[in-house]
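Q: First the structure, then my questions, so here it is.
The values are calculated or read from the model by the stated rules, or taken from the named source; none is laboratory data. These numbers were taken from a predicted model, which means no experiment stands behind them. Cβ atoms come from the backbone with ideal geometry, glycine included; neighbour counts cover every protein chain shown.
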2 protein chains.
Amino acid sequence: MSIPPSGTQRAVRWYPPAYDIRVETVPIPQILEPDDAIVMIKLAGLCGSDLHIYRGHEDVDADLTCGHELIGEVVALGASFHPGATDRPELYSTLRVGDKVVSPFTVSCGECHFCRIGFTCRCIHSTLFGIPKLPGGQAQYTRIPKAGGTLFSLSALAAQGKVDATSVSDSSLLLLADILPTGIFAALQALQHPKILPVLTGRAYPTSGFIPDSAISGQGATTLQRADRVLTIAVVGLGPVGVCATVSLLDMLATIGVQQGLEYNVVAIDPNESRRRKVEAVYAAIDTTSKGSGSFTVASIDEGKQMVQKNSNGAGANAVLEVVGNNSALKLAYELVRPFGLISSVGVHQEPPIPFTGREVYDKNVSFDFGRCPVRAMFPLALEILLKRQDVFGAVGEEASLVEKIVGFDEAKESYELFDKGECGKVLFNPWL
Amino acid sequence: MSIPPSGTQRAVRWYPPAYDIRVETVPIPQILEPDDAIVMIKLAGLCGSDLHIYRGHEDVDADLTCGHELIGEVVALGASFHPGATDRPELYSTLRVGDKVVSPFTVSCGECHFCRIGFTCRCIHSTLFGIPKLPGGQAQYTRIPKAGGTLFSLSALAAQGKVDATSVSDSSLLLLADILPTGIFAALQALQHPKILPVLTGRAYPTSGFIPDSAISGQGATTLQRADRVLTIAVVGLGPVGVCATVSLLDMLATIGVQQGLEYNVVAIDPNESRRRKVEAVYAAIDTTSKGSGSFTVASIDEGKQMVQKNSNGAGANAVLEVVGNNSALKLAYELVRPFGLISSVGVHQEPPIPFTGREVYDKNVSFDFGRCPVRAMFPLALEILLKRQDVFGAVGEEASLVEKIVGFDEAKESYELFDKGECGKVLFNPWL
């Protein structure tokens, strides 16, 4: 067990009921449990879902240290971390003080059923960073519970000769904490769904790995045509997670296209013009050889509806990635999706009832995947895409950059205000500026 | 083109607004379009979803000939049927007068995108049998539109040496028209879902066919344990479709279990004791060597909740098959399902809004598959299971039989009344008695 610095630190703190951000001096966190690590923060992100608490929508009645996106360096480890801990998740025996680490936005133990099977955001010990009982990353130091399951060590990866991401900027690696994996998750839920499989494979529904090709003639339809293998996907919402979803989707579609001869078209939709301009710049920056055999359109809502109809010969989108988290986005997704299509919804939805009748979902054979990204399980895939797409994720403040600026805590209050009003893009805090 | 009998026939007819069943003499249908066939009905089923019209819940304001489940013999074919029609679905060149055929409950052309890809119930020409514009199967003769795409010919299969189902009883083959494929569809949507895949394969989420095994260490959780590969599935609703879903699910689980070493437990839930007794008798009748490595429980609602908790060590069901079609069944399914679980809903839902808030579906990472079974595309798989499970589907009126009785049209009015009150099981009509 190693000992973190003692004394005080600066942190961005929120006070109820709403809109009250203060930068305060608070104690540096200490090891409380043997599985804890203390991380010195290099960068912490301001995320769209921080705004739910900021606006007072989460019924939180106590003050808290903000933030659930962080990258940093391990400065202290609890007693559980030692070379003999080989019966536990790998990092309990390999994590070292000085390692560069990224954390998902929730704690995951790595040892319960949900962690083992990859649904890490529903770990039985799951806790969100940035709530009263678990101070967040917008500070100089943060305590990470169940750190051998929760953290991802870039230093350990490099030391094992696996992937060396040490030359990648911290502002790029910070995107692993939430928004890039969440975007990938949105795309992956669509591309893995059995209702999309016939388009990807060219074999009609209900083919499946565990159903052998039948000796019985289908005696039914004519065979699939080239037009049946054109995949139309809409992305609804082009905030930072929507950009990550779009970039990841295009990357995966290009891979599948090259492997399997698939054609695709993607329609990225947002009513906000500055967000549309950002996505156009991002697309222009992507190396064209990675785009596969597809088309890409950025559109307002009305333009988007028309493009989806046109691209799909009136059938509608095979899948819609809903990256907003409100009922108007869900309704638009329903309107865009074709019968037997899928809505992959990763927006953080609140209290209102889902805006569909039983008749609507039955009559369109709609499938839905709702919920939070299991970020910890997505890290390996997310790092692959992050390294491939440094053209988008590598820089700060350029036309095609996802991250708009890096500021100190002195600008925290103003940054929350601007971000809340949609007047700035993705902001990161450097707590040492 | 051949010519059907002329003259009149007897048919079961419904009059608005509700509960008004009359057996009437009406004209024998004739070929209206070149793609039509006329089928002489051998048996027609009375289905749970016939009750939506019967009770006046479908806003139908004209009288109609009832029924959407039928098996029969082709007595006339339109001009499209000839040996040279080889550019169209197979049956346009192979179907013959005299063939034994079964029809799905909706028309499907076999030539549009939705048919080619296997989503036949959303054919662009889809029409339900048993509505004012398309007379149903509870008659002596029925007109089948787009018959080369819609029908399934058991005679053609046997003639091609593929599968000879000619010795199977008509009452058994009638189940292919709707309820057996619908039950299979409920089970298949669950077993094909990517959130269930880790349990079936033993590889943690988000593994996928098109994502190569990464060179990057997961660095995360400990490996899957035996307990992670125990699949808990609940069936909510044990009417005739629920019985078909249960039997199909057990059949597929046994196959997967033998292939992949999976353990499973199935909890079949219904508040109605006589339905529970039927399912217990059905299970007892199934050849035990086909059951694989699993357990099976029939339970009331409260018992079912307890069994699912117990069988899953408190996690909840990996998947719930919702075979009822109302909001109390959907709510029960939500309560039973575990985080990252799936609700496969094949019940025919009506106007009420889906009973979940955005927060509920987000917080549990629930996936839903809603909608109608693409029966035409499921025929080959359904026939395989029908032939394997003659112990359940082969007889009439025995303890383990799905079909309770076969009656003539003179008993049609009373049968609707009894079925509406839940006082009888599956009834078939023989229009020639």
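Q: Only one of (1) more than 25 Å from B:Pro198 (Cβ to Cβ); (2) surrounded by fewer than 21 Cβ atoms within 10 Å (Cβ to Cβ); (3) within 11 Å of chain B (Cβ to nearest Cβ) is not met by A:Thr86, so which one is it?
A: (1)
Q: I'm checking my understanding of the structure. Among residues of the range B:147-180 that are out of contact with any Lys or Arg (no Cβ under 6 Å at 6 or more places or on another chain) and among the acidic types (Asp, Glu), which one is farthest from the other protein chains (Cβ to nearest Cβ)?
A: Residue satisfying both the conditions and the ranking: B:Asp178.
Q: Please verify whether the range A:120-127 includes one or more residues that are farther than 23 Å from A:Cys244 by Cβ and in contact with a Phe, Trp or Tyr (Cβ under 7 Å, 6 or more places away or on another chain). Working first, answer last.
A: Just the residues of the range A:120-127 that are farther than 23 Å from A:Cys244 by Cβ, to begin with: A:124-125, A:127.
Within this subset, residues satisfying the condition of being in contact with a Phe, Trp or Tyr (Cβ under 7 Å, 6 or more places away or on another chain) are A:124.
The answer is yes; a qualifying residue exists.
Q: Can you tell me which of B:Ile286, B:Ile256 is farther than 25 Å from B:Asn313 by Cα and of a type in the set (A, V, I, L, M)?
A: Values: B:Ile256 fails: farther than 25 Å from B:Asn313 by Cα.
Checking each option against the conditions leaves just B:Ile286.
Q: So which of A:Glu263, A:Glu273, A:Glu280 ends up being surrounded by fewer than 18 Cβ atoms within 10 Å (Cβ to Cβ), of a type in the set (D, E, K, R) and under 21 Å from the mean Cα position of the chain (by Cα)?
A: A:Glu280
Q: What number goes with the only condition from (1) at pLDDT 90 or above; (2) within 13 Å of chain A (Cβ to nearest Cβ); (3) farther than 25 Å from A:Gln189 by Cβ that B:Gly183 does not pass?
A: Here B:Gly183 clears every test but (2).
Q: Now for a different question. Just for the range B:388-406: of the residues that are in a strand (DSSP E or B) and touching a residue at least 40 places away in the same chain (Cβ under 8 Å), which one is nearest to B:Leu174 (Cα to Cα)?
A: First, the residues of the range B:388-406 that are in a strand (DSSP E or B): B:396, B:403-406.
Next, from what is left, pick out any that are touching a residue at least 40 places away in the same chain (Cβ under 8 Å): B:396, B:403, B:406.
Values: B:Val396: 12, B:Val403: 10, B:Ile406: 12 Å.
This residue is B:Val403.
Q: Does B:Gln260 count as in the same structural domain as B:Val308 (by the TED database) and without any contact (Cβ under 8 Å) to a residue 24 or more places away in the chain?
A: When the stated conditions are applied, B:Gln260 does not pass them.
Q: Could you count how many residues in the range A:263-302 are free of Cβ contacts under 8 Å to residues at least 24 places away in the same chain and within 19 Å of A:Arg338 (Cα to Cα)?
A: Adding up the residues that qualify gives 1.
Q: Here are the criteria: (1) aliphatic (A, V, I, L, M); (2) at pLDDT below 95; (3) in a loop (DSSP other than H, G, I, E, B). Tell me which single one A:Leu238 does not satisfy.
A: Result: A:Leu238 fails condition (2) only.
Q: Something else about it: Quick one: which strands (runs of 3 or more DSSP E) sit completely within the range B:312-376 and have at least 2 residues that are facing chain A (nearest Cβ under 10 Å) and of a type in the set (Ser, Thr, Tyr)?
A: Answer list for the range B:312-376: B:337-345.
Q: Kindly list the number of the only condition in (1) crowded, with 24+ Cβ neighbours inside 10 Å; (2) acidic (Asp, Glu); (3) over 30 Å from A:Leu197 (Cα atoms) that fails for B:Glu24.
A: (1)
Q: If you check A:Ser93, A:Ser126, A:Ser103, which single one turns out to be under 30 Å from A:Lys405 (Cα atoms) and either within 14 Å of chain B (Cβ to nearest Cβ) or acidic (Asp, Glu) (or both)?
A: A:Ser103
Q: Considering every residue within the range A:97-110, establish whether at least one is over 18 Å from the mean Cα position of the chain (by Cα), buried (at least 21 other Cβ atoms within 10 Å of the Cβ), on the phi < 0 side of the Ramachandran plot and among the aliphatic types (A, V, I, L, M).
A: No, because not a single residue in the range A:97-110 is over 18 Å from the mean Cα position of the chain (by Cα), buried (at least 21 other Cβ atoms within 10 Å of the Cβ), on the phi < 0 side of the Ramachandran plot and among the aliphatic types (A, V, I, L, M).
Q: Something else: Evaluate the following for B:Ala186: is it assigned to a strand (DSSP E or B) and in contact (Cβ under 8 Å) with a residue 12 or more places away in the chain?
A: So B:Ala186 fails the test.
Q: Which ones in the range A:150-205 are charged (D, E, K, R) and surrounded by 24 or more Cβ atoms within 10 Å (Cβ to Cβ)?
A: A:Asp178, A:Lys195
Q: (1) at pLDDT 95 or above; (2) among the aliphatic types (A, V, I, L, M); (3) out of contact with any His (no Cβ under 8 Å at 6 or more places or on another chain): which one isn't true of A:Leu342, the others all being true?
A: (3)
Q: May I pose another question? If a residue must be over 27 Å from B:Phe114 (Cβ atoms) and not in a loop (DSSP other than H, G, I, E, B), how many such residues does the range B:132-154 contain? Quick ask: steps written out before the conclusion?
A: Looking only at the range B:132-154, we keep the residues that are over 27 Å from B:Phe114 (Cβ atoms), and these are B:138-141.
Of the ones still in play, those that are also not in a loop (DSSP other than H, G, I, E, B) are B:139, B:141.
Selection size over the range B:132-154: 2.
Q: Right, next: Based on what the data block shows, is B:Leu342 more than 28 Å from B:Val230 (Cα to Cα), in contact (Cβ under 8 Å) with a residue 60 or more places away in the chain and under 19 Å from the mean Cα position of the chain (by Cα)?
A: Judged against the criteria, B:Leu342 is not a match.
Q: Oh, and also: Being out of contact with any Ser or Thr (no Cβ under 7 Å at 6 or more places or on another chain) and more than 24 Å from A:Glu399 (Cα to Cα), is that true of even one residue in the range A:286-297?
A: For the range A:286-297, residues out of contact with any Ser or Thr (no Cβ under 7 Å at 6 or more places or on another chain) and more than 24 Å from A:Glu399 (Cα to Cα): present.
Q: Can you name the residue in the range B:219-235 that is over 23 Å from B:Glu69 (Cβ atoms) and touching a residue at least 40 places away in the same chain (Cβ under 8 Å) and is also nearest to the other protein chains (Cβ to nearest Cβ) among such residues?
A: The qualifying residue nearest to the other protein chains (Cβ to nearest Cβ) is B:Ala227.
Q: Let me ask something else. Hey, does the range A:244-254 have a residue that's more than 21 Å from the chain's Cα centre (by Cα), of a type outside the set (A, V, I, L, M, F, W, C) and surrounded by fewer than 22 Cβ atoms within 10 Å (Cβ to Cβ)? It would help to see each step written out before you state the result.
A: If we filter the range A:244-254 for residues that are more than 21 Å from the chain's Cα centre (by Cα), which is where we start, we get none.
No, the range A:244-254 contains no residue that is more than 21 Å from the chain's Cα centre (by Cα), of a type outside the set (A, V, I, L, M, F, W, C) and surrounded by fewer than 22 Cβ atoms within 10 Å (Cβ to Cβ).
Listed here are the residues, each with its yes/no results for (1) farther than 28 Å from A:Val74 by Cα; (2) modelled with pLDDT under 95.
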residue	(1), (2)
A:Thr127	no, no
A:Pro132	no, no
A:Pro135	no, no
A:Gln140	no, no
A:Arg143	no, no
A:Leu151	no, no
A:Leu157	no, yes
A:Arg203	yes, yes
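Q: If a residue has to be small (Gly, Ala, Ser) and facing chain A (nearest Cβ under 7 Å) to count, how many in the range B:106-123 make the cut? Can you show your working first?
A: Initially, the range B:106-123 is screened for residues small (Gly, Ala, Ser), giving B:108, B:110, B:118.
Those left that are additionally facing chain A (nearest Cβ under 7 Å): B:110, B:118.
The total comes to 2.
Q: Assess whether A:Leu188 counts as being among the hydrophobic types (A, V, I, L, M, F, W, C), modelled with pLDDT of 85 or more and not assigned by the TED database to the domain that holds A:Gly347.
A: no
Q: Restricting attention to the range B:189-206, and to residues there that are outside any helix (DSSP H, G or I) and touching a Leu at 6+ places or on another chain (Cβ under 7 Å), which single residue is nearest to the other protein chains (Cβ to nearest Cβ)?
A: Result: B:Ala204.
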